[in-house]
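Heads up, the thing below is written out as structure tokens.
The values are calculated or read from the model by the stated rules, or taken from the named source; none is laboratory data. Please read these numbers as outputs of a predicted model, since none were measured by experiment. Don't worry about glycine lacking a Cβ; one is built from the backbone with ideal geometry, like all the others, and counts go over all protein chains shown.
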Amino acid sequence: MTEKLLVNPIECEGHGACAELLPELIRLDEWGYPIVDGRPIPPVLERDARAAVSACPTLALRLTRS
Amino acid sequence: MTTATTGMPAEGTATDLPRLLPANGQRPEDWHTHTASYGRIPYRQAPGRLVADIQHAGLTGRGGAAFPVHRKLTAVLDAAAAKRRVPVVIANGAESEPASDKDATLLWLAPHLVLDGLQLAAEAVGAEEAILYTHADRRADVGKRLQQAIAERRAAGSDLVPVQLAEAPPRFLSGQETALINHLGGGPAIPTFVPPRITERGLGGAPTLVQNVETLAHLGLIARRGPRWFRQVGTRTEPGSMLCTLRRADGTPRIAEVPLGMPLRDLLGPAGNDGAVLIGGYHGTWAPAGEAVRLTLDNYSLGSIGARVGAGILIALPPDRCGLTETARIVRYLALESAGQCGPCLNGLPRMAAALAELAGARPRRQTRADVERWAGLVTGRGACHHPDGTARFVRSALITFAAELDRHERGQCGAANPRPFLPIPRGSARTEQDWL
């Protein structure tokens, strides 16, 4: 079972906390909205991914299992 | 004004076209003429029984996405069983593409074919209510015509489930599936984020089947005549016929029912080898006419240039018009029609529109073309719906197709003699939330 990051673009307001906590998988576009790497999260980044998800002020970022 | 005609069949195919539009041309069918031509509605007496016929026919959605209909039927049946919820069926006639007129024409000329299909689809998934969702303003009196048709059916006792009419606000996105569900649930006609899919959790949380009105008309005929009949026209992998909206040099829409796989050369007529063709509407693809006439009307062929059949819109841009000016106008319209919910769409579309306006003017900055390309990449795949993706596809194809015109504009010239706008845009944009209700 692998986990992936998924952003709800309607909820996202571009606070940018996720990119700060998980720069390996999330960068911000020129307007401050996250560009998320949708591939399975490498085990070494799982903790940081969870931290990024918890830090989202609008609960727009989540983990999905596939 | 719209004229309805039948396209020439592809060579070597047996044909009984038109199947959907009345063979007598412009005369709308009432209940009496409809049943005289098509007979009774062939109910299957239980849910699920129609699915195999639809699967064998290979019917796909005619609203633009070409999703296999039997898979949606099955998904709704499965969700209804799993959740023990009675599903809802919605006929989507909210033809929001301003250049399209095929659904309004079908509803006007043959409302009973659509309503037959709606009843059969309701029976197929075990629904107890059905909704017909349309843009009432698209054609004067279409609402009245549909009310009349529903009354005729009530008098004849032909229907299994009651049909409610619902009206879509005049927005580009109001026919988008999740926007439609949002609106019918009492909210604005703006998209929501999936998952869950509406086949699982749609209107009021019930499993919901949404099918384009033309798709339902085909479904009703497949139920009568069988899958083999359906496959007598079209290609092996994309069977059947479809309604197209064709606009040639004079801009007047012509509705044609044609087999999938028909050569675009035959559809476009003497469009010539110069000029450009817009395939699939404002989320579609521009192509040089010389390239377009070598293709056929199916996703396999159109896919070779990154285009899709979509809802069957084909527009030949007259050689005296500027493709950049037309593209800039349309992208401005698409930017104004963004629901403004997702950051990349909210920010990217107005910037693309402004940059295209600059490119369509005299002596744009060199950087602007690269900016548009970057923004098109940046918005793609990052919205809750496909509005940014479709807009980006349209914009990118314009930059390629009108590359020579871009060069001319950089030198301060324009190849177009006629400044009059060509592609249709509805009047009025959304200013307040009320405009989405």
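A few notes on this one:
- Hey, A:Thr64 out of contact with any Gly (no Cβ under 7 Å at 6 or more places or on another chain), away from chain B (no Cβ under 14 Å) and not aliphatic (A, V, I, L, M) or not: no
- Considering (1) closer than 24 Å to B:Ala65 by Cβ; (2) in contact with a His (Cβ under 7 Å, 6 or more places away or on another chain), the lone condition that B:Arg201 does not fulfil carries the number (2).
- The residues listed here are B:Leu160, B:Leu165, B:Leu132; of these, the one that is surrounded by 20 or more Cβ atoms within 10 Å (Cβ to Cβ), assigned by TED's automatic domain parsing to the domain that holds B:Glu97, modelled with pLDDT of 95 or more and of a type outside the set (Val, Ile, Thr) is B:Leu132.
For (1) touching a Cys at 6+ places or on another chain (Cβ under 9 Å); (2) surrounded by fewer than 13 Cβ atoms within 10 Å (Cβ to Cβ); (3) away from every other protein chain (no Cβ under 12 Å), each residue gets a yes or a no:
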residue: A:Leu5; (1), (2), (3): yes, no, yes
residue: A:Cys12; (1), (2), (3): yes, no, no
residue: A:Pro34; (1), (2), (3): yes, no, no
residue: A:Asp48; (1), (2), (3): no, no, yes
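- Annotation: of all residues in region B:320-340 being part of a helix (DSSP H, G or I) and more than 24 Å from B:Ser174 (Cα to Cα), the one that is nearest to the other protein chains (Cβ to nearest Cβ) is B:Leu324.
- Those residues of region B:180-193 which are crowded, with 16+ Cβ neighbours inside 10 Å and over 15 Å from the mean Cα position of the chain (by Cα), in sequence order: B:Ile181, B:Asn182, B:His183, B:Leu184, B:Pro188, B:Ala189, B:Ile190, B:Pro191, B:Thr192, B:Phe193
- Test: residue in region B:218-240 that is of a type in the set (Ser, Thr, Tyr), touching an Asp or Glu at 6+ places or on another chain (Cβ under 7 Å) and not assigned by TED's automatic domain parsing to the domain that holds B:Asp53: yes
- Listed by first and then second residue, the pairs linking a residue in region B:96-121 that is under 21 Å from B:Arg427 (Cβ atoms) to a residue that is of a type in the set (Phe, Trp, Tyr) and part of a loop (DSSP other than H, G, I, E, B), with Cβ atoms under 8 Å apart and 6 or more places separating them unless they lie on different chains, are B:Ser96/B:Phe172; B:Glu97/B:Phe172; B:Pro98/B:Phe172.
- Residue match in region B:214-224 (condition: in contact with a strand residue (DSSP E or B) (Cβ under 6 Å, 6 or more places away or on another chain) and more than 14 Å from chain A (Cβ to nearest Cβ)): yes
- Verdict on B:Arg153 being part of a loop (DSSP other than H, G, I, E, B), in contact with a helix residue (DSSP H, G or I) (Cβ under 8 Å, 6 or more places away or on another chain) and of a type in the set (Lys, Arg): no
- Verdict on B:Arg329 being in contact with a helix residue (DSSP H, G or I) (Cβ under 9 Å, 6 or more places away or on another chain), basic (Lys, Arg) and under 24 Å from B:Gly251 (Cα atoms): yes
- Among strands (runs of 3 or more DSSP E) entirely within chain A, having at least 2 residues that are without any contact (Cβ under 8 Å) to a residue 12 or more places away in the chain singles out no element at all.
- Boolean, B:Ala140 is surrounded by fewer than 21 Cβ atoms within 10 Å (Cβ to Cβ) and modelled with pLDDT under 95: yes
- Just one of the numbered conditions (1) under 22 Å from B:Gly306 (Cα atoms); (2) β-branched (Val, Ile, Thr); (3) in contact with a helix residue (DSSP H, G or I) (Cβ under 9 Å, 6 or more places away or on another chain) is not true of B:Ile400: (3).
- Every residue from region B:318-330 that is touching a Gly at 6+ places or on another chain (Cβ under 6 Å) and either modelled with pLDDT of 95 or more or basic (Lys, Arg) (or both): none
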